[in-house]
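Visitor: Provided herewith is a single structure, encoded as structure tokens, for subsequent inquiry.
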Protein chains: 2
Amino acid sequence: MTDLIGQLTLMPLVASGVGLLVAAFFYFRVKSLPEGTDTMNLIARYIREGAMAFLVREYKVLAVYAMVVFVLLFIAFNGEGTGLLSGFCFLLGAFLSLFSGFVGMKGATYANVRTTQAARDGSKANALLTALDGGAVMGLCVAATALLGLGVLYMIFRTDPHLGTVLHSFAVGASSIALFSRIGGGIYTKAADVGSDIAGKVVEGIPEDDPRNPGGIADNVGDNVGDVAGMGADIYESLVAAIVAAMAIALTAKTQYVMGLFTKVPEGVDPSFLAVTLPIFLSGVGLAVSILCIFGARMLRQNSPAMVLRAALVVPSLIIVAASFVLMPILGVSQAVTGALGAGAIGGALIGLLTEYYTAWGPIEKVAEASKTGAGTGIISGLSVGMESTVYSLLIVAGVGFAANWVMPAGMGLYGIALGAVGMLSGTAIVMTVDAYGPIADNAGGISEMSELGPEVRAITDELDAVGNTTAAIGKGFAIGSATLTVLSLFSAFILEVNHARELAGLQALVLKLDEAPILIGILIGATLPYAVGATTMIAVGKAAQAIIQEIMRQFNEIPGLREGKAEPEGTVIVDIATKAALVQMMLPGSVAVLAPVAVGFILGPAALAGMLAGAVAVGASLSLFMANAGGAWDNAKKFIEGGGIEGHPKGSDTHKAAVVGDTVGDPFKDTSGPGVAILIKVMSVVSLLISPLIATF
Amino acid sequence: MTDLIGQLTLMPLVASGVGLLVAAFFYFRVKSLPEGTDTMNLIARYIREGAMAFLVREYKVLAVYAMVVFVLLFIAFNGEGTGLLSGFCFLLGAFLSLFSGFVGMKGATYANVRTTQAARDGSKANALLTALDGGAVMGLCVAATALLGLGVLYMIFRTDPHLGTVLHSFAVGASSIALFSRIGGGIYTKAADVGSDIAGKVVEGIPEDDPRNPGGIADNVGDNVGDVAGMGADIYESLVAAIVAAMAIALTAKTQYVMGLFTKVPEGVDPSFLAVTLPIFLSGVGLAVSILCIFGARMLRQNSPAMVLRAALVVPSLIIVAASFVLMPILGVSQAVTGALGAGAIGGALIGLLTEYYTAWGPIEKVAEASKTGAGTGIISGLSVGMESTVYSLLIVAGVGFAANWVMPAGMGLYGIALGAVGMLSGTAIVMTVDAYGPIADNAGGISEMSELGPEVRAITDELDAVGNTTAAIGKGFAIGSATLTVLSLFSAFILEVNHARELAGLQALVLKLDEAPILIGILIGATLPYAVGATTMIAVGKAAQAIIQEIMRQFNEIPGLREGKAEPEGTVIVDIATKAALVQMMLPGSVAVLAPVAVGFILGPAALAGMLAGAVAVGASLSLFMANAGGAWDNAKKFIEGGGIEGHPKGSDTHKAAVVGDTVGDPFKDTSGPGVAILIKVMSVVSLLISPLIATF
């Protein structure tokens, strides 16, 4: 009877296996490439070692955290008889995230210097290829390990009554790592960036990538721990959460509604289980398509990098929708599924393009123009750009939700919204490849500057870096958009699970009415949490940056000859300070995210928790989009001026200085607080889903 | 049978009458005071005429708007037989708001120069008294006209089946004026402020209050149209909306629940109507207490202004709670009502004190410190202060909601929350008095500088002005806190009204479940609206400020001798530009607020509208608090540095310049966009409440 479902589950496992093999191939190909001069080699080694040192220390902290959660899960779920199982699934979800982050970051730190070397050989196409292959290691690892873990668990437990707890625990593992990696990495990267920027440029008058700047290595390490490892864990958890939410909704859906999804249920198949299997199967299809598209992008390497990368973000989604269109009738499934999937895939591409518009086109010219009358007007302009882009981005997400709900048969609207999130994340492997390409290209530029290579090398790495900045902004819009849709599904899954548990306990279903006091109060409490994480992460970056500034100034004062370039800066000391600061400062915002739903759920009950999640989603989704896009706009407005975009106001002019202020504010906005807030709402939803059976009878 | 209820309704009418008489007394007392030198007189006349010119032109725009709404209401409610009635109540609500704004602003523009003159006579106590009396004209007018209008309508229609429509239409009238006055006034005041600041200080190197700065008059006009007329209309509408929401909830509450409110229902009285009457009766008590406290504050004028004003904000609330404690047993009403009222009153005072802490104490020193390393770090620090304060402010509001719900008997929790809002606003007359005191003191300082009076005069006006800055921040926290609570009540009233209308139409009650697709999509749409208003108002200030900067620079270039102080600037031209720009630019954000609920309500139905309101409340309350408090922190951090707060970094230093950047960003944050977003959610809720019977059967 489960033959078809078994085959459908095998598909993502096969795709994962292939994905991991391809990732290994890229990893070793990149590693075998030439590394360039001794200086380049040394700088790259410092960056790699700094990044690895951060990861290892972060892993130690996470190990303690994981043990604590493991014990708590064991205690909490022991009554249900799933204490150990839940704990191990949590550890598996966490371990696979760490594994993909570790391998991916190692790949990226091999690729950066080899990209510089390819540029030194004068081949833009080879440089692009190296950076892309390095990014693909991360992209493929993220998508493949997520599907591998979920697929294996589903294969084993698909007929087990505790399937829900198994999947939710895995998702909590993924979320926990994402939370700390993203926030810790975000604090690290921006503290190093802002710190070396201010101490270098403002205090000592030298650029951040200057070989004399002691913060240079830490700045490059930060790109890897924040934008590669942090972003990877973030996307890994989004993919896991989207699939788990869709599966959880299908698990609790009533059979009479599920039947509406099928034109003809294949013989001997339980339709509910087919609906549960579809999200992971379709994600497997997405991974297979993404692998093919990565090879396609490599073949196009002779073209303009901007064109190649933009195509890589948009085309795979369309192919996946087409594949679904062909496959669904074969499975006897209504094209409504393709419709919901397609709404998500197209919505994701639209959000990406919209984000590009707001952070790379007309709006940034307005921000640059506004900087002519000073930093104040430049900041105001960037804030309004960020707000405006938030409006349209969220309207697209709402539109995807509306369409995905609308195409579905009666009673399956929430499943449709969850499939929309799966569709938006179906191209995860390639989106993450392009995302990880960004910091590799950025590092390649940093290494060429610190190694004092010629302007022709720098010209190539600059072009690759510029494209990377745009794709980074696109990736962020994509990540927050998909996170919002995922959270809506998780939220629905949470309420369904609560009522499912109440049904099992013989209790009446909980009707969560919008106009009840606990819900309204929950909404207000939920609204505060994104601001709590926003405030603590901004303060964290500020504190860590201050510590770095102090140390850089100490080195310039105490190391004779440093200012003249005759002595070496002690870059590893800065790396050490940034690592410690990031790990300490990530505790408070991280704890808020995990503890808030537990506290409210157990003290005020499931209704207040549902209200809190609703408030946190509304505020968190909008606040994170606002911060990410305002930050992107300031960053690129500064670059626009540096590129001579405003006649008579070149680099170094007052207008440029005003734009630099915007960039400084934008740094923690777009790379620490914005993503931190987005992950907050995901973690809260996943944790709520996990504890739903425990608080259901409150 | 209605004897007691009639007496209870008479109470607010009597209090209003007394309030208006006292306001008239203060008005003529202030007007009879000496005006000082010819120069002072001339400047004051320019300010008064500029402010009146703005109001008159704004009224013309509003007249067109009111006519359109009148016709729409007539058409919409004609089927219910209340077309004309609804239209006239709307006009009455709007007219009374305009009336109190007009009289209050006239009082303020008489008081400013007379405060300067009192300072010139060397009497700080008289200067404080003049500014306070001027503010009291506004404060008393606002509270008295609101209660007068509501009281008369309630007296006439209290047994009419259309009482709901009557009250809601009155509230929509109040909201509409508040919306446009607040946004239009906000754009005007900050465009003039930022424009004259930048053109003066940055471009020409002269202070904003320098007699040579052509923007000086417009800047002072702006204080009046924004912080007096705009703020007054805002608070007027909050008071009206809070009372109406509480009455509406009581109107639809089931009798068996209402009975729980009473220890002993007075003979011959309908308990439901007693519950409907309580909110307006208690507001009448609040007005009476406030009048007494205004006289009390006047008697304390020999003390430190800071002490007098802080006491004026906190003490009346406590007296009102005590009065309720005495009165409720007499009426046979449970002390639960006093509890809910007290939770609101104490919560309001707590939010005020919290706001003072974040915008006047330790946090602003941190912002000032952070400005040492540049404008970027100063901005980051201010943003994090704003975010942190948002968390605690909203938690207080949530706590008030929790307590007010908790003390109430079963089924009356939402009524309790509404009473909490009434309690928070019970001291409206005195809070608004202190609020309007701020711009009067600010103007007094401006006039003394522009008239080139001596430093001893300036010392007195500076002290009064500094206190005004703090009370302005407190008032804003208070306004947004009470707005949030009011909106929660309006929101509940909206859902109750929808279901009441469905019941009358023989339809099943609508259960608005949090996990239904239309609600979730509505929440996302609602989340975009505060950002839409935030973006459009920020852009509006930017555009209007640019126009003013251009004109100021033109005057300096084309008027010979202006720079040397030998020729007069053409201040009225700037006033004219600011007026036009504000009136044009307020259209877009204003329309969004009114049209969004109508469009969503009629197209997507009441469920999506409820979701939208919930999303808008969560995002709007937090975003407006964040903007208001961050703006307040930057403003006072700059003043802290100017007062020599950071040794070695005086006025004019790089640190000070960095702080000025924060202040520039903070200007539209705290005085345009923040209040604009707060009023958005109030207007949306009131409009939704009004249209609830029309969309209920969707």
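The values are calculated or read from the model by the stated rules, or taken from the named source; none is laboratory data. Worth saying up front: this structure is predicted, and the values here are computed from it rather than measured. For neighbour counting, all protein chains shown are included, and Cβ atoms are generated from backbone atoms with ideal geometry for every residue, glycine included. For the accessible areas, the whole protein counts, side chains as well, though only heavy atoms, and no ligand, DNA or RNA atoms are used. Shrake-Rupley method; radii C 1.70, N 1.55, O 1.52, S 1.80 Å.
Visitor: Kindly indicate whether any position in the range A:652-660 is touching a helix residue (DSSP H, G or I) at 6+ places or on another chain (Cβ under 8 Å), within 30 Å of A:A527 (Cα to Cα), at the interface with chain B (Cβ under 8 Å from one of its Cβ atoms) and part of a helix (DSSP H, G or I).
Guide: Within the range A:652-660 (the criterion being touching a helix residue (DSSP H, G or I) at 6+ places or on another chain (Cβ under 8 Å), within 30 Å of A:A527 (Cα to Cα), at the interface with chain B (Cβ under 8 Å from one of its Cβ atoms) and part of a helix (DSSP H, G or I)), the answer is no, since none of the residues qualifies.
Visitor: Quick one: which residue in B:K124, B:K106 is at pLDDT below 95 and within 30 Å of B:A242 (Cα to Cα)?
Guide: Just one listed residue meets the conditions, B:K106.
Visitor: Here's a follow-up. Among A:V56, A:V61, A:V69, which is open to solvent by 50 Å² or more (accessible area, probe 1.4 Å), among the aliphatic types (A, V, I, L, M) and part of a helix (DSSP H, G or I)?
Guide: Exactly one of A:V56, A:V61, A:V69 is open to solvent by 50 Å² or more (accessible area, probe 1.4 Å), among the aliphatic types (A, V, I, L, M) and part of a helix (DSSP H, G or I), namely A:V56.
Visitor: Can you pull out the residues in the range A:537-547 that are at the interface with chain B (Cβ under 8 Å from one of its Cβ atoms) and modelled with pLDDT of 90 or more?
Guide: A:M538, A:I539, A:V541
Visitor: Looking at the structure I just gave you, is B:Y357 buried (at least 24 other Cβ atoms within 10 Å of the Cβ), in a helix (DSSP H, G or I) and of a type in the set (F, W, Y)?
Guide: Criteria not met by B:Y357.
Visitor: Which of the residues belonging to the range B:658-693 are open to solvent by 20 Å² or more (accessible area, probe 1.4 Å) and modelled with pLDDT of 90 or more?
Guide: Once the filter is applied, which keeps residues that are open to solvent by 20 Å² or more (accessible area, probe 1.4 Å) and modelled with pLDDT of 90 or more, the range B:658-693 yields B:V660, B:V661.
Visitor: If I filter the range B:519-533 for residues that are within 28 Å of B:L55 (Cβ to Cβ), surrounded by fewer than 19 Cβ atoms within 10 Å (Cβ to Cβ) and within 12 Å of another protein chain (Cβ to nearest Cβ), do I get at least one hit?
Guide: Within the range B:519-533, none of the residues are within 28 Å of B:L55 (Cβ to Cβ), surrounded by fewer than 19 Cβ atoms within 10 Å (Cβ to Cβ) and within 12 Å of another protein chain (Cβ to nearest Cβ).
Visitor: Return the pair list, or none, for Cβ contacts closer than 7 Å from residues in the range B:119-132 that are touching a residue at least 12 places away in the same chain (Cβ under 8 Å) to residues that are open to solvent by less than 30 Å² (accessible area, probe 1.4 Å) and basic (K, R), at least 6 apart or on different chains.
Guide: Matching pairs, first to second residue: B:T130/B:R114.
Visitor: Within the group B:A628, B:A607, which residue is part of a helix (DSSP H, G or I) and within 12 Å of chain A (Cβ to nearest Cβ)?
Guide: The conditions single out B:A607.
Visitor: Can you say whether A:V385 is at the interface with another protein chain (Cβ under 9 Å from one of its Cβ atoms), closer than 20 Å to A:A493 by Cβ and either modelled with pLDDT of 95 or more or within 23 Å of the chain's Cα centre (by Cα) (or both), as far as the supplied structure shows?
Guide: No, not satisfied.
Visitor: Within the range B:358-382, how many residues turn out to be of a type outside the set (G, A, S), over 17 Å from B:G631 (Cβ atoms) and at the interface with chain A (Cβ under 9 Å from one of its Cβ atoms)?
Guide: 2
Visitor: Which one of these does B:P569 not meet: (1) assigned to a loop (DSSP other than H, G, I, E, B); (2) more than 23 Å from B:T664 (Cβ to Cβ)?
Guide: All conditions are met except number (2).
Visitor: Is it the case that some residue within the range B:573-592 is touching a Ser or Thr at 6+ places or on another chain (Cβ under 7 Å) and in a helix (DSSP H, G or I)?
Guide: Taking every residue of the range B:573-592 in turn, at least one turns out to be touching a Ser or Thr at 6+ places or on another chain (Cβ under 7 Å) and in a helix (DSSP H, G or I).
Visitor: Return the only residue of A:E503, A:E497 being on the phi < 0 side of the Ramachandran plot, away from every other protein chain (no Cβ under 14 Å), assigned to a helix (DSSP H, G or I) and not β-branched (V, I, T).
Guide: A:E503
Visitor: Which of the residues that make up the range A:388-416 are more than 9 Å from every other protein chain (Cβ to nearest Cβ) and either open to solvent by 20 Å² or more (accessible area, probe 1.4 Å) or in contact with a Cys (Cβ under 8 Å, 6 or more places away or on another chain) (or both)?
Guide: A:I396, A:A403, A:V407, A:P409, A:A410, A:G411
Visitor: Here are the criteria: (1) surrounded by fewer than 16 Cβ atoms within 10 Å (Cβ to Cβ); (2) modelled with pLDDT of 90 or more; (3) out of contact with any Gly (no Cβ under 9 Å at 6 or more places or on another chain); (4) not aromatic (F, W, Y). Tell me which single one A:G87 does not satisfy.
Guide: For A:G87, the failing item is (1).
Visitor: Sort out which residues of the range A:34-53 are surrounded by 14 or more Cβ atoms within 10 Å (Cβ to Cβ) and not in a helix (DSSP H, G or I), and write them in order of number.
Guide: The answer is A:E35, A:G36, A:T37.
Visitor: Still on this model: Would you check if B:I183 is free of Cβ contacts under 8 Å to residues at least 40 places away in the same chain, out of contact with any Asp or Glu (no Cβ under 9 Å at 6 or more places or on another chain) and part of a helix (DSSP H, G or I)?
Guide: Spelling it out, it is not the case that B:I183 is free of Cβ contacts under 8 Å to residues at least 40 places away in the same chain, out of contact with any Asp or Glu (no Cβ under 9 Å at 6 or more places or on another chain) and part of a helix (DSSP H, G or I).
Visitor: Is it the case that some residue within the range B:465-481 is within 14 Å of chain A (Cβ to nearest Cβ), within 22 Å of the chain's Cα centre (by Cα) and in a helix (DSSP H, G or I)?
Guide: yes
Visitor: Let me ask something else. I'd like the full set of residues that are open to solvent by 10 Å² or more (accessible area, probe 1.4 Å) and over 13 Å from A:L383 (Cα atoms), limited to the range A:630-645.
Guide: Of everything in the range A:630-645, those that are open to solvent by 10 Å² or more (accessible area, probe 1.4 Å) and over 13 Å from A:L383 (Cα atoms) turn out to be A:N636, A:K638, A:K639, A:F640, A:E642, A:G643, A:G644, A:G645.
Visitor: Here's a follow-up. So, in the range B:140-167, of the ones that are out of contact with any Phe, Trp or Tyr (no Cβ under 9 Å at 6 or more places or on another chain) and over 20 Å from B:A275 (Cβ atoms), which residue ends up surrounded by the fewest Cβ atoms within 10 Å (Cβ to Cβ)?
Guide: B:V152
Visitor: Shifting gears a bit: Out of B:D193, B:D219, B:D223, B:D227, I need the residue that is within 14 Å of another protein chain (Cβ to nearest Cβ) and either open to solvent by less than 10 Å² (accessible area, probe 1.4 Å) or assigned to a helix (DSSP H, G or I) (or both). Which one?
Guide: On inspection, the qualifying residue turns out to be B:D193.
One line per residue, one yes/no per condition, for (1) closer than 30 Å to A:A370 by Cα; (2) within 14 Å of chain A (Cβ to nearest Cβ); (3) open to solvent by 10 Å² or more (accessible area, probe 1.4 Å):
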position: B:I549; (1), (2), (3): yes, yes, no
position: B:Q555; (1), (2), (3): yes, no, no
position: B:P560; (1), (2), (3): yes, no, yes
position: B:A578; (1), (2), (3): yes, no, no
position: B:V592; (1), (2), (3): yes, yes, yes
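Visitor: Given (1) under 25 Å from the mean Cα position of the chain (by Cα); (2) over 30 Å from B:P569 (Cα atoms); (3) surrounded by 21 or more Cβ atoms within 10 Å (Cβ to Cβ); (4) not small (G, A, S), where does B:V18 come up short, assuming only one miss?
Guide: (3)
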